[in-house]
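Q: The following block contains the structure, expressed as structure tokens.
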Amino acid sequence: MNSSKQGAGTNWAEVLKKFNENKPHKAPAENDKEADVQFLKLLEEEKMLEEEKNPTYKSIPRFFYKKPNHENSLYFRVRQEARTRFLQNKTAEVLDKEDLEQLWYLLKEHISLPEDQTERINYDQFVYVSSLLPAKCRQFFTSSTFLKFERDEYGRIEIVPFFHYVVRKVNLFQTRIQISLYDSSGYGYLKEKDLENYIFELMPTFPQLQSLQETFYPFYVITAVRKFFFFLDPKRTGKIQIKDMLTSPILAELYELRQESLNMEDALQNWFSVQSSLRVYDQYLKLDQDKNGMLKKHELANYSKGLTKIFIDRIFEEYQTFEGEMDYKTFLDFVLAMENKKSPQALQYFWRVLDIYHKGAIDTFVINMFFRSVITKLETRVQTDYKIDDLKDELWDMAKPASPYCITLQDLVSSGVGDIIVAILTDAQAFYAYDQRETGETEDFED
């Protein structure tokens, strides 16, 4: 009882401070090194225990570790904390504005002879500049980096392209760290929720999104995320590799919104702009005639009056719907495919629609089905005397299939005209425009 009262009145902060007064203080780097040594010691002890339990581990190392079942497990939390600290340490290695300014100043100060009005530096000066910079800058001053640049007859490289190279590398490294902070699994990829969080927190930093109303934020995030997943996850795994994001032009398109000014033409062509996202959302609202927040088949058919019935039916069969109706996410995939028909990802999207029997190829019978639907649609607008056999012959010539009378997805991609083939099989208006391409005659399918 007395000990409890004594403990309750003790100032433990003072006790700890007094306890550590005469003890040597270690630098953070020393603490990290000591922690690493202890960690490796624990790993070695665990390995020895496993080898005692199962002698086969001595000749065949363990290569499979089951992932934790629950994200609230201690293992998961420790792993997350370790990753966060690792990324924070990596952030310290990134060159900041002052480092880049110093690097540029030293490059300018050590331009190599002869003086010929060019800003060039030879390898000796290159190495010398490296020695004057902080250690974290020296990763850019290797011999292999120097040899990447074109050299003149004196063995010098231009300092401007080299400096731009360093800046791009720094930006890429910085972006990699920022994105990795949202990798909830820690395995180098982002799930849909991870990417949504990343874009949502990125939005306030973009000048081009300042006019976006807060009530539209959730729809904007969905719109932005769908483009990443459509192009970088065509197999619908629900994951995007971070390295694929970094090398993709889609991320560069998103980062265009950091510009203070963007002309209207560029804004309309940028999927992530306010103008573009509102355009797609307004289109969805206009198609939703019964205002229930979902699209039925006949509503989606109004996206383009030339779309055939079999094509719309197949879209609803192959892609996620809710009680036979399409939600906004699925509509976004449809729009991305329609607006990027030349891309391999869009051709893969349409291939699922065309490959009715999931055989990996479409034959004469399947092509007949799609052409008949096109001709039926045309007959309500113009007088036609199309013969399906003639149309099929032209299709074979366009596709140049590896196997006779059998078109595969690879044939569509390799042909270079896969977008045209898809269009004439699914859209009566596109078919008519293609057929009349020499005369220039068109037919307006809009009511």
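The values are calculated or read from the model by the stated rules, or taken from the named source; none is laboratory data. These numbers were taken from a predicted model, which means no experiment stands behind them. So basically every Cβ, Gly included, is an ideal-geometry build from the backbone, and we count neighbours across all protein chains shown. Side chains included, ligands, DNA and RNA excluded: accessible areas come from the protein's heavy atoms. Shrake-Rupley method; radii C 1.70, N 1.55, O 1.52, S 1.80 Å.
Q: By how many nm would the segment from Thr237 to Val382 grow when fully extended, if each residue of separation counts as 0.36 nm and the alpha-carbon distance is taken off?
A: The Thr237-Val382 span can extend by a further 47.8 nm.
Q: At each listed q (0.15, 0.18, 0.19, 0.21 Å⁻¹), what is the log10 of I(q)/I(0) that the Debye formula gives for the stretch 51-138 modelled as equal alpha-carbon point scatterers?
A: Reported log10 I(q)/I(0), two decimals: -0.75, -0.90, -0.95, -1.04.
Q: Oh, and also: With the chain treated as a Gaussian network of Cα nodes joined by springs under 10 Å, which of Tyr154, Tyr434, Tyr189 yields the largest mean-square fluctuation?
A: Greatest mean-square fluctuation among the candidates belongs to Tyr154.
Q: Starting from the 7 Å offset along Cα-to-Cβ, what nm value, one decimal, do you get for the label separation of Arg168 and Ile60?
A: Each label point is offset 7 Å from its Cα along the Cβ direction, giving 4.7 nm.
Q: Which of Asn368, Leu16, Met326 sits farthest toward the positive end of the charge dipole of the chain, with +1 on the Cβ of Lys and Arg and -1 on the Cβ of Asp and Glu?
A: Of Asn368, Leu16, Met326, it is Leu16.
Q: Expressed as an acute angle from 0 to 90° and rounded to the nearest 10, what is the orientation of the C-alpha long axis of helix 123-132 relative to the principal long axis of the chain?
A: 60 degrees
Q: Just how large is the dipole of the stretch 88-178 about the Cα centre, in debye to the nearest 20, putting +1 at every Lys and Arg Cβ and -1 at every Asp and Glu Cβ?
A: Rounded to the nearest 20 debye, it is 560 debye.
Q: Moving to a separate point now. Among Pro344, Asn263, Ile240, whose Cα sits farthest toward the positive end of the charge dipole of the chain (+1 at Cβ of Lys/Arg, -1 at Cβ of Asp/Glu, about the Cα centre)?
A: Result: Ile240.
Q: Using r as the Cβ-Cβ distance of Glu323 and Leu16, and R0 as 51 Å, what FRET efficiency do you calculate, to the nearest 0.05?
A: 0.20
Q: Take the alpha carbon atoms of the stretch 13-82, find their center, do the same for the stretch 365-385, and report the distance between the two centers in whole angstrom.
A: Each part's Cα centre sits 69 Å from the other's.
Q: Can you find, among Thr145, His164, Phe216, the residue farthest towards the positive end of the dipole of the chain? Put +1 on the C-beta of Lys and Arg, -1 on that of Asp and Glu.
A: Thr145
Q: With label points built 7 Å along Cα→Cβ from the Cα atoms of Gln275 and Glu260, find their separation and express it in nm.
A: The two pseudo-label positions are separated by 2.0 nm.
Q: For Lys33, which lysines qualify as cross-link partners when the Cα separation must be under 20 Å and same-chain residues fewer than eight apart are set aside?
A: Within reach: Lys23, Lys41, Lys90, Lys136.
Q: With a bin width of 5 angstrom, please list the P(r) values of the stretch 366-424 as percents of all Cα-Cα pairs, from the 0 bin to the one holding the largest distance.
A: 4, 18, 28, 23, 15, 8, 4, 0
Q: Could you report the chain's accessible area per residue, 1.4 Å probe, as an integer in Å²?
A: Dividing the accessible area of the chain by its residue count gives 61 Å².
Q: Please work out the Cα center distance from the stretch 323-343 to the stretch 154-230, rounded to the nearest Å.
A: Cα centroid to Cα centroid, the span is 24 Å.
Q: Mind putting a number on the dipole of the stretch 217-283 about its Cα centre? Charges go on the C-beta only, +1 for Lys and Arg and -1 for Asp and Glu, and I need it in Debye to the nearest 20.
A: 460 debye
Q: Could you give the length gained on full extension between Arg138 and Thr364, defined as 0.36 nm per residue of separation minus the Cα-Cα distance, in nm?
A: 75.1 nm
Q: While we're looking at this one, here's another question. Any chance you could give the angle, 0 to 90 degrees and rounded to 10, that helix 364-379 forms with the longest Cα principal axis of the chain?
A: 70 degrees
Q: Another one. Suppose the chain between Tyr128 and Leu49 were pulled fully straight at 0.36 nm per residue; how much longer would it get relative to their current alpha carbon spacing?
A: Length difference between fully extended and current span is 23.3 nm.
Q: Could you tell me the accessible area of Phe162 in Å² (1.4 Å probe, neighbours in place), rounded to the nearest ten?
A: The value for Phe162 is about 0 Å².
Q: Loop only by DSSP, 16 or fewer other Cβ within 10 Å of the Cβ. Give me the GluC sites (Glu not before Pro) in the stretch 274-359 that pass, ordered by residue number.
A: Glu323
Q: Within the stretch 148-169, whose backbone N sits under 12 Å from a point 7 Å along Cα→Cβ of Asp116?
A: 151-158
Q: About the Cα centre of the chain, what is the dipole size in debye to 20, counting +1 per Lys and Arg Cβ and -1 per Asp and Glu Cβ, all else neutral?
A: Rounded to the nearest 20 debye, it is 2160 debye.
Q: Follow-up. Using the structure shown, select from Lys286/Lys341; Lys47/Lys239; Lys239/Lys286; Lys191/Lys309; Lys227/Lys291 the pairs with a Cα to Cα distance greater than 27 angstrom.
A: Lys47/Lys239; Lys239/Lys286; Lys191/Lys309
Q: Across the Cα atoms of the stretch 355-397, what radius of gyration and what greatest pairwise Cα-Cα distance (Dmax) are found, in Å?
A: 11.7, 35
Q: So, one more: Mean 1/r over all different Cα pairs, inverted: what Kirkwood radius does the stretch 251-354 give, in Å?
A: 15.0 Å
Q: Of all trypsin sites (Lys or Arg not before Pro) in the stretch 164-241, which ones are in loop regions per DSSP and have a Cβ with at most 13 other Cβ atoms within 10 Å?
A: Hits after loop and neighbour filter: Lys235, Arg236.
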